[in-house]
1. Sort out for me the strands (runs of 3 or more DSSP E) sitting completely within the stretch 712-816 that have 2 or more residues that are surrounded by fewer than 20 Cβ atoms within 10 Å (Cβ to Cβ).
2. I'd like to know if the stretch 116-136 contains one or more residues that are in contact with a Pro (Cβ under 9 Å, 6 or more places away or on another chain), buried (at least 19 other Cβ atoms within 10 Å of the Cβ) and modelled with pLDDT of 95 or more.
3. Output the number of the condition that ALA200 fails; it satisfies all remaining conditions of (1) in a helix (DSSP H, G or I); (2) open to solvent by less than 40 Å² (accessible area, probe 1.4 Å); (3) among the hydrophobic types (A, V, I, L, M, F, W, C); (4) at pLDDT below 90.
4. Output the number of residues of the stretch 274-297 satisfying the condition of being open to solvent by 10 Å² or more (accessible area, probe 1.4 Å) and either in contact with a helix residue (DSSP H, G or I) (Cβ under 7 Å, 6 or more places away or on another chain) or not in a strand (DSSP E or B) (or both).
5. Of the conditions (1) open to solvent by 40 Å² or more (accessible area, probe 1.4 Å); (2) modelled with pLDDT of 95 or more; (3) of a type in the set (D, E, K, R), GLU245 clears all except one; give me its number.
6. Answer with yes or no whether ALA318 is modelled with pLDDT of 95 or more, open to solvent by 30 Å² or more (accessible area, probe 1.4 Å), in a loop (DSSP other than H, G, I, E, B) and more than 23 Å from MET449 (Cα to Cα).
7. Looking only at the stretch 92-107, which residues are within 19 Å of VAL166 (Cβ to Cβ) and either surrounded by 13 or more Cβ atoms within 10 Å (Cβ to Cβ) or in contact with a Leu (Cβ under 6 Å, 6 or more places away or on another chain) (or both)?
Amino acid sequence: MAEAPHRIVRAWLESLSTGVVELDRDWTAPTPPRFTLGEQCPTPAALAADAGRVAGATQGYFAGTDGTITFVLPVRPGGAADPARDPIYLAGDFNGWQAAIGADEWRLQAGEIEGTPVLRWSGEAARFLSPGGQRFKFVTGEHQWLMPPDDAPNLVRDEQGNTNRVIDAARTGRHLWRFSLAAPLLLAEPRLVTWSDRPAEGGVPLVPGPFFYELRTELPLGALVRTPGTVFRLFAPRARSVSLELSADATMASAQTFELVRRPDADGAAGVWEVTLDRNLHGWFYAYRIDGVSEGADSFDPGKRVLDPYARAAMGRAGPGIVLDPAWVGEGDRDFATPAWHDLVMAEAHVRDLAANAPVKASSLERRGFTGLRKWVESPEFHLHHLGVNCVELQPVQEFDNPTPEEYHWGYMPVNYFAPSSAYATEPAKASGVRELQELVRAFHRRGMAVILDVVYNHVGEPPHLQAVDRRYYFEQDSAGRLANWSGCGNDLRARSAMARRLIIDSCLHLIEAYGVDGFRFDLAELLGVEVLRDIEAALKRSKPGVILIAEPWSFRGHIAGVLRDTGWASWNDGFRDFVRDYVRGGGAAERMEYFLRGSPWFFAKWPAQTVNYTESHDDRAWIDVITENPNFDGFGPTGNDRRRTHLMAALLFMSLGIPMVAAGQDYLRSKHGVNNTYQRGDLNALDYRRLYRYLGTHAYFAGWIAFRRSELGRLLRQHTRPSEGFFEFFRSGDSPALAVIYNADYAQGPQRLLFAVNPTLGDVTVRLPDRVTGFAWHQLADHELFRLGSPGPSQPVESELLVPALGCGLWISQA
């Protein structure tokens with residue numbers, strides 16, 4: 001039976017004049033295959049097999065004619081894996097996966113392929129090629145599994161959603177063929193690669209390869225008001241044409257049209273389009289229309305108006321953008337001193353949740369946004385001020401995709417990264433949100449509170465304007481062109497593309513410089529990758545050395561907190577969150593609680609402030625709904641034990657090294673009636689400040705712990721660096737999860753010591769303490785009901801058999 005003819009699977013450019021054709025299987029004929037690229041380039045030159053660098057980079061392995069196979073991991077400076085610090089191993093079906101970790105025989109070695117630095121492993125091919133279909137992945141010595149790229153041609157996903165690569169004995173590297181062209185191609189022109197002798201079979205699109213994602217410019221972008229004119233400049237590397245629509249009217253009903261001109265790529269402006277108009281257009285409205293290649297889902301649509309990614313203000317999710325003179329925008333607050341990370345006590349909050357029911361005079365329009373919240377922050381009754389936090393983390397305030405200004409939304413579906421949300425502005429057509437956000441940040445600063453913004457750079461909302469600019473450049477796709485969806489939101493931004501990375505950095509710098517914000521919490525930061533996060537850190541610290549950088553270190557793809565410990569990023573500690581929820585209900589071991597009290601050392605956090613400890617955030621149910629004894633997770637009417645357990649949680653949160661974070665309203669047992677996802681439930685999320693008066697004791701308990709933590713007496717909890725090995729001394733009570741701990745047990749930080757004891761069980765527990773502990777004078781500061789900072793009252797003595805009541809805790813201080 002005759003063998004079926006080879007098929008062309010993919011074809012991509014390595015540069016504008018070289019490329020690679022991928023066949024469905026190895027080419028074994030003595031003469032090389034021949035292809036054509038249409039009329040523009042009928043005869044590719046110098047076809048040659050290239051099994052090494054290309055095969056290694058695309059599928060992670062290649063096999064030689066000498067019976068060997070080589071597995072290849074490209075080395076990227078600043079990447080997730082640092083082979084100088086952590087060895088990397090080859091693992092798969094052929095060696096038991098986890099069993100490969102730590103085994104020298106499976107460790108990758110440094111090398112080069114065609115001058116490109118790689119890590120590689122070579123051995124006899126037979127065991128890998130037979131049986132067929134064996135899977136593999138690379139893994140570090142600390143059990144961090146390195147995810148294959150979404151566009152790897154041999155990517156497979158199992159029933160649990162795990163992704164690996166697969167080895168195909170018919171695709172060993174000789175299925176890849178490189179070609180050279182006599183003249184460079186234009187990215188805006190579509191081309192098909194077909195067989196020279198079988199043109200009727202059709203072909204596959206020739207798409208840009210890795211070089212494409214490194215195209216960049218350093219030119220300023222956006223609508224740039226200059227003297228005397230205004231420059232409109234856009235990066236659109238594959239566009240065939242770009243037109244500007246401009247109007248003095250926000251409806252754009254009588255917009256004028258101007259054609260942008262592509263600048264020569266040779267002057268450091270690769271992919272840049274621009275037009276200059278000879279007047280100051282501050283306050284005018286504008287949008288783009290972009291035309292280009294038509295290739296299925298990757299097609300351009302000139303019928304769509306596109307919001308400028310660099311627009312400094314917008315009328316709504318669909319645009320238009322608003323031209324703003326930088327002299328009008330001005331600068332944000334530069335006088336506030338951002339607290340040191342180890343001094344932070346944070347509250348996460350939403351603009352509308354804080355303002356909706358605030359007891360201040362404000363219109364319904366003002367309560368929807370920045371102005372209503374600013375009035376509440378300036379009020380003598382401002383709740384977060386009385387709680388005592390010195391940092392607020394606001395959920396997203398960049399332009400997002402709620403269809404109308406009235407509709408409530410958490411804000412995690414951004415459509416522009418520079419513009420403040422028009423839904424939070426009183427007069428969007430006048431770009432009032434710019435001034436209103438500036439004034440809000442200043443109001444927080446006058447209260448002594450730093451402002452961190454929750455930012456979402458892992459995906460975009462609707463309409464996806466960046467996809468209209470260039471879907472292929474800005475978004476992760478698999479080898480078939482399907483958008484990646486590790487965010488769960490339908491698209492994942494390709495943050496590693498040069499201009500996507502620049503877009504992230506530029507917009508963060510704008511928020512620092514124009515609004516005076518103190519830092520950022522990056523949503524689903526795992527999807528950006530460690531290399532990109534390192535670049536962001538370096539760029540932002542050049543502008544603001546004390547900038548606060550916090551990662552949500554996971555996505556549906558994986559978790560990178562252990563890798564971020566070698567960066568200047570802190571991470572939300574989901575392990576702390578989940579464990580404490582169980583611990584206060586009597587679950588979990590004392591040993592694990594000790595780890596979190598120490599500040600999740602070493603694997604999660606090299607220094608204490610790298611862990612952001614929390615037990616409730618906007619996601620999922622409220623704390624009281626999670627731990628309540630009531631049915632259906634409804635903690636609106638909490639039981640006595642619910643309240644006691646909340647007090648235990650507060651004590652554990654504020655006694656753990658790291659940055660403590662509460663959710664707004666958590667201090668007075670805010671409930672969402674058990675609803676798990678409230679991202680569009682403004683009725684459930686809006687804070688009911690009347691509830692504060694029902695649970696004043698719990699609010700006072702939180703406030704007391706925060707005041708202690710921020711005081712001189714609490715300095716032992718605000719560690720800048722990892723404390724000495726003998727700083728902690730723990731004592732347990734048999735198999736019970738109850739424990740006691742001394743801080744500064746070795747006196748390395750002076751004569752002051754703290755003793756903390758906690759019992760999450762429903763029965764009283766005694767913890768035996770040695771004479772070297774009980775022989776000192778201890779003064780009790782807190783128990784499970786009261787914080788006695790500065791107030792007299794009965795004090796429990798510290799005895800050799802220390803009684804810790806059921807669902808109880810205590811804090812004592814002594815001076816040697």
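1. Fully inside the stretch 712-816 and qualifying: 728-732, 765-768, 779-783, 801-804, 808-815.
2. Checked the stretch 116-136: no residue is in contact with a Pro (Cβ under 9 Å, 6 or more places away or on another chain), buried (at least 19 other Cβ atoms within 10 Å of the Cβ) and modelled with pLDDT of 95 or more.
3. Here ALA200 clears every test but (2).
4. Final tally of qualifying residues: 10.
5. (1)
6. So ALA318 passes the test.
7. Hits for the stretch 92-107 are GLY92, ASP93, PHE94, ASN95, TRP97, ALA100, TRP106.
Residues checked against (1) aliphatic (A, V, I, L, M); (2) touching a Gly at 6+ places or on another chain (Cβ under 9 Å):
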residue	(1), (2)
ASP764	no, yes
ASP771	no, no
ALA777	yes, no
LEU786	yes, yes
LEU802	yes, yes
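The values are calculated or read from the model by the stated rules, or taken from the named source; none is laboratory data. What you see is a predicted model, and the numbers here were worked out from it, not measured in a lab. FYI the Cβ positions are ideal-geometry reconstructions off the backbone, even for glycines, and counts take in every protein chain you see. With ligands, DNA and RNA removed, areas are computed over all heavy atoms of the protein, side chains included. Shrake-Rupley method; radii C 1.70, N 1.55, O 1.52, S 1.80 Å.
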